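Undergrad: For reference, the structure I am asking about is given below.
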Amino acid sequence: MARSLRKQGIFDHLPSLVQNLLRRAALVNFKEHKVRTRSFDTKDLDRVMEIYRQNFNGGNEATIMRYGSIQRPIFYVVQDASGKVVGYCTYYLNLKFQGCRVNRIATIYSIAIDDASKGEGWGDLLLEESIAELRKNRISNIRLFVNINNKSAIGLYVKHGFQKTDDLEDICGRGERCFVMERSLRD
C-alpha cells in the first residue's frame, strides 16, 4: 500500500526563497563536463515547455522555468543533428546531513523526450551524461519519482541502475501512485 506522506527533507519546511538560496549554494564548485548534451539556455524555454506539455498535462511550467534559471548547470538539453532540442532532464539538489558529513542528493524533477523522437536513445543519452557529470561533482545519490504505470520510464531507470525504494501517493499527481527510485553514485 502506498504511503500518502512523503519523507521530509531539510528544504521542505523552508520558504521558497530560502530553498532557492540553499539549492544555489549546493551548486557551488559544480564543474560542467557535458559532451553530448548542453546546459539549458533561455532560448530553449519555448521548446522545453512544448516537450514538457507533450509528456505531462502541464501545471508545473513555473517550476521548470525557475529551475532553468537557478539550476542551469544541472538542467540538461539534447539536440538532434539539425540543432533542434528533442529532450531535456532537470534536477534539483538537496543537502542531507549524516553526522558530520553533508551529502548532496540530486533529484530528477523532470525528464522528457519529444514525441517524434522517442525510441531513438535520447533518454539514455540524457541519463548517461547527467549521471557521469553528477558523479564527477561528488553527488552521492540520485532519486526520482515515477508514476507506477509508466513502464517505459521505469525500464529506462532500471537500465541505468536505479532501484525502487518506496511507493507513494500524491507525488506524481493528485490521487496517483508513484515509485521512488534511487541510485547511489558512490564508487
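Undergrad: Against the conditions (1) in a helix (DSSP H, G or I); (2) touching an Asp or Glu at 6+ places or on another chain (Cβ under 7 Å); (3) under 19 Å from residue 152 (Cα atoms), where does residue 73 fall short? Just the number, please.
TA: Status for residue 73: all satisfied but (3).
Undergrad: Looking at the range 28-68 only, could you name the residues that are of a type in the set (Ser, Thr, Tyr), part of a helix (DSSP H, G or I), over 23 Å from residue 152 (Cα atoms) and touching a strand residue (DSSP E or B) at 6+ places or on another chain (Cβ under 9 Å)?
TA: Hits for the range 28-68 are 63, 67.
Undergrad: Just to confirm my filter: which strands (runs of 3 or more DSSP E) fall fully inside the range 108-187 and include at least 3 residues that are surrounded by 19 or more Cβ atoms within 10 Å (Cβ to Cβ)?
TA: Values: elements: 141-147, 163-169, 177-184.
It comes to 141-147, 177-184.
Undergrad: Additional query: Out of all the residues in the range 40-73, which are modelled with pLDDT under 85 and within 22 Å of residue 131 (Cβ to Cβ)?
TA: 67, 68, 70, 71, 72, 73
Undergrad: While we're on this one: Give me the pairs, please: first residue somewhere in the range 143-169 and within 14 Å of residue 184 (Cα to Cα), second residue anywhere and of a type in the set (Phe, Trp, Tyr) and outside any loop (DSSP other than H, G, I, E, B), beta-carbon distance under 7 Å, and either six or more positions apart or on two chains.
TA: Partner pairs satisfying both residue conditions: 144/157; 164/179.
The values are calculated or read from the model by the stated rules, or taken from the named source; none is laboratory data. Values in this document were obtained by computation on a predicted structure and should not be read as measured data. Quick reminder, even Gly has a Cβ in these numbers, built from the backbone with ideal geometry, and neighbours come from all protein chains shown.
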